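Okay, structure first, notes after.
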Amino acid sequence: MGHDSKQYVIDSLSAQESWRLFRILSEIVDGFEDLSDLPPCVSIFGSARPSSDHPYYQDAEKVAKLLGEAGYGIITGGGPGIMEAANKGASEAGVPSIGLHIHLPMEQQPNKYLSIRSDYRYFFLRKLMFIKYSIAYVVMPGGMGTIDELCEAFVLAQTHRIKPFPIILYKHEFWDGLITWMRQTMQKNAFLREDEFELLTICDTPEEVVSVIKKRIVL
């Protein structure tokens with residue numbers, strides 16, 4: 001490849017990066033505009049895989065409905081499974097039912113219970129919107145995406161980059177193994193302090209979730 005060809009490739013890559021920055025800025029602006037008039041909202045995370053007859057789906061629906069009846073809007077990733085259940089509960093309660101929909105190579109369709117849909121190409125911008133517009137997180141059982149959102153909020157609160165807010169893990173039966181490992185491995189090696197576990201609360205019923213949030217966040 002000659003000098004001119006190499007320079008062309010470099011210039012082309014540089015132009016691509018510049019346009020990517022414009023797309024990022026555009027996505028931020030669109031997200032702020034989509035979500036600017038929301039009431040206080042709780043984000044609910046969880047697996048996209050449970051069907052409507054799964055107990056975790058039904059619990060997520062009830063959690064969202066009770067939170068909605070208490071005056072909180074509901075934010076999810078906008079997809080199926082736990083996300084659909086939470087949006088359904090919000091819809092039943094008549095509060096804003098928001099879906100932050102991510103575009104993936106294997107397209108995940110948004111669920112039908114959204115009153116507000118905000119679309120994202122970049123995961124990190126979607127995470128920004130979850131943090132910016134949430135007053136609490138409810139982390140239902142889920143996979144690595146759910147763990148990712150949990151860790152994001154935990155680290156930001158742990159490092160005081162955001163004001164700590166309720167981070168609620170739903171069901172001891174699902175989360176106890178992780179918490180035990182964190183205590184026996186991370187805390188034992190001085191990678192976590194005992195007081196940092198106070199950032200997390202585990203609840204076992206929808207009513208308990210709502211009670212914890214209402215005590216911590218007064219509308």
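Please verify whether ASP59 is out of contact with any Cys (no Cβ under 9 Å at 6 or more places or on another chain) and without any contact (Cβ under 8 Å) to a residue 12 or more places away in the chain, treating the condition exactly as stated. When the stated conditions are applied, ASP59 does not pass them.
The rows are residues; the columns are (1) under 16 Å from the mean Cα position of the chain (by Cα); (2) at pLDDT 95 or above; (3) assigned to a helix (DSSP H, G or I).
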{"residue": "SER91", "(1), (2), (3)": "no, yes, yes"}
{"residue": "PRO110", "(1), (2), (3)": "yes, no, no"}
{"residue": "ARG117", "(1), (2), (3)": "yes, yes, no"}
{"residue": "ILE147", "(1), (2), (3)": "yes, yes, yes"}
{"residue": "LEU150", "(1), (2), (3)": "yes, yes, yes"}
{"residue": "LYS163", "(1), (2), (3)": "no, no, no"}
{"residue": "ILE168", "(1), (2), (3)": "yes, yes, no"}
{"residue": "ASP176", "(1), (2), (3)": "no, yes, yes"}
{"residue": "TRP181", "(1), (2), (3)": "no, yes, yes"}
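Selection of segment 25-64 for residues being over 22 Å from MET140 (Cβ atoms) and assigned to a helix (DSSP H, G or I) yields LEU25, SER26, GLU27, ILE28, VAL29, ASP30, GLY31, PHE32, GLU33, ASP34.
Taken over segment 25-51, the criterion of being of a type in the set (S, T, N, Q) and closer than 22 Å to LEU66 by Cα is satisfied by SER43, SER47, SER51. If you go through segment 109-133 and pick out every residue that is touching a residue at least 40 places away in the same chain (Cβ under 8 Å) and hydrophobic (A, V, I, L, M, F, W, C), you end up with 5.
Per-residue answers, yes or no, for (1) under 22 Å from LEU200 (Cα atoms); (2) β-branched (Val, Ile, Thr):
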{"position": "ALA60", "(1), (2)": "yes, no"}
{"position": "ILE75", "(1), (2)": "yes, yes"}
{"position": "GLY81", "(1), (2)": "no, no"}
{"position": "SER97", "(1), (2)": "no, no"}
{"position": "HIS103", "(1), (2)": "no, no"}
{"position": "LYS112", "(1), (2)": "no, no"}
{"position": "SER118", "(1), (2)": "no, no"}
{"position": "ILE135", "(1), (2)": "yes, yes"}
{"position": "ASP148", "(1), (2)": "yes, no"}
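Looking across segment 134-169 at every residue that is of a type in the set (S, T, N, Q) and either more than 17 Å from LYS214 (Cα to Cα) or out of contact with any strand residue (DSSP E or B) (no Cβ under 9 Å at 6 or more places or on another chain) (or both), the one that is surrounded by the fewest Cβ atoms within 10 Å (Cβ to Cβ) is identified as THR159. Just so you know, in segment 119-143 the residues that are assigned to a loop (DSSP other than H, G, I, E, B), touching a helix residue (DSSP H, G or I) at 6+ places or on another chain (Cβ under 9 Å) and not hydrophobic (A, V, I, L, M, F, W, C) include one that is nearest to LEU38 (Cα to Cα), and it is TYR133.
The values are calculated or read from the model by the stated rules, or taken from the named source; none is laboratory data. The structure presented is a predicted model; accordingly, all values stated were derived computationally and were not measured. When we count neighbours, we look across all protein chains shown, and the Cβ atoms used for this are built from the backbone with ideal geometry, even at glycine.
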